[in-house]
Amino acid sequence: MKIGFLTAIFSQWDLDRLLKWASEKGFEALEVYAGPNSLHINPEDVLKGRAGEVKKKFEDKGISISALAYYPNNLDPDVKKRKENNEYIRKMIEAASQLDVNVVCTFVGAVENFLCSGVKKSLELFREVFTPIADYAKEHDVKIAFENCPMGGWNIAFAPFVWDEIFKLSPVLGLNLDPSHLVWQGIDYIQVAREYHNRIYHAHAKDTEIIKGNLSRNGIYSHGWWRYRTPGWGIINWKAFITALREGGYNYVLSVEMEDPIFEAEEGLVLGLKYLKGLVVH
């Protein structure tokens, strides 16, 4: 397995600075933020003939692109915004294909907050929206990996009972599996890694800390009883998680997503890298 990170945390850095830092610290792969006007990889620039230039910059630093990433609401209730997001995902798919990258990471989204309305309406729209997108991805030999963050009710790809419906649509649809979101929901992330092994196309490395005093006093509907941490600083059993991934055939990338409130971005990423490197050998 390679250790990488999601580059969105350094959105103000240009690609050269990003690659120099990542190489110096020992990262082997990058989940590259490729949203509109990204300074890292802009799909529109790639599609204008810059794929070779971008690939050479990564090759010169010995770093691979694990995925192109952009996380909008692809089922946005604003029809105009939804169509813009969907069209942008198609551009990402094209750009990924030209860069020889076979994974695009994104959200499904939701047409309504599922905490209030459930997931049925969003699933119906999902089938309408993602049928042509999935076909387009298949044509370009690219897989779509949905991150499983609930986003406060605005991303329906948050739990297995929804994944079961989503995955019926196409084999190109899978997970950017992030165990940190499963922990605080009470979902067994080890069992998930085993059960959905053939749909894990990318994996985030982010930990979760449970603050028991806040939980026992205020309960699950309060705020502040859990928080995200860099790998090794929470309660996730990374040895067991990595074992489950490996047993299922996943030997790709662990992409650190830096959302730890305690450490600055650079420090937190390096701590995560050092911890995970003690568990995997590339």
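Tell me whether region 18-29 contains one or more residues that are aromatic (Phe, Trp, Tyr) and either touching a His at 6+ places or on another chain (Cβ under 9 Å) or over 22 Å from ASP141 (Cβ atoms) (or both).
yes
Filtering region 46-64 to residues that are assigned to a loop (DSSP other than H, G, I, E, B) and either at pLDDT below 95 or under 21 Å from the mean Cα position of the chain (by Cα) (or both) leaves only ILE63. Do you know which of the residues in region 1-45 that are among the hydrophobic types (A, V, I, L, M, F, W, C) and in a helix (DSSP H, G or I) is farthest from LYS239 (Cα to Cα)? Step by step, filter region 1-45, then rank; the result is LEU15. Within region 175-223, restricting attention to residues that are touching a Leu at 6+ places or on another chain (Cβ under 8 Å) and among the charged types (D, E, K, R), the residue that is farthest from TRP163 (Cα to Cα) is ASP188.
Return yes or no: is ASN155 in contact (Cβ under 8 Å) with a residue 60 or more places away in the chain, surrounded by 13 or more Cβ atoms within 10 Å (Cβ to Cβ) and in a loop (DSSP other than H, G, I, E, B)? Yes.
A single entry from ALA67, ALA110 fulfils the requirement of being closer than 30 Å to GLY278 by Cβ, within 18 Å of the chain's Cα centre (by Cα), of a type outside the set (S, T, N, Q) and outside any helix (DSSP H, G or I): ALA67.
Here THR131 clears all of (1) in contact with a Ser or Thr (Cβ under 6 Å, 6 or more places away or on another chain); (2) without any contact (Cβ under 8 Å) to a residue 40 or more places away in the chain; (3) polar (S, T, N, Q) except the condition numbered (1). Pairs linking a residue in region 1-18 that is closer than 18 Å to TYR250 by Cβ to a residue that is basic (Lys, Arg) and outside any loop (DSSP other than H, G, I, E, B), with Cβ atoms under 9 Å and 6 or more positions apart or on different chains, are MET1/ARG246; ILE3/LYS277.
The values are calculated or read from the model by the stated rules, or taken from the named source; none is laboratory data. Because the structure is a prediction, the values reported are computed rather than measured. Quick reminder, even Gly has a Cβ in these numbers, built from the backbone with ideal geometry, and neighbours come from all protein chains shown.
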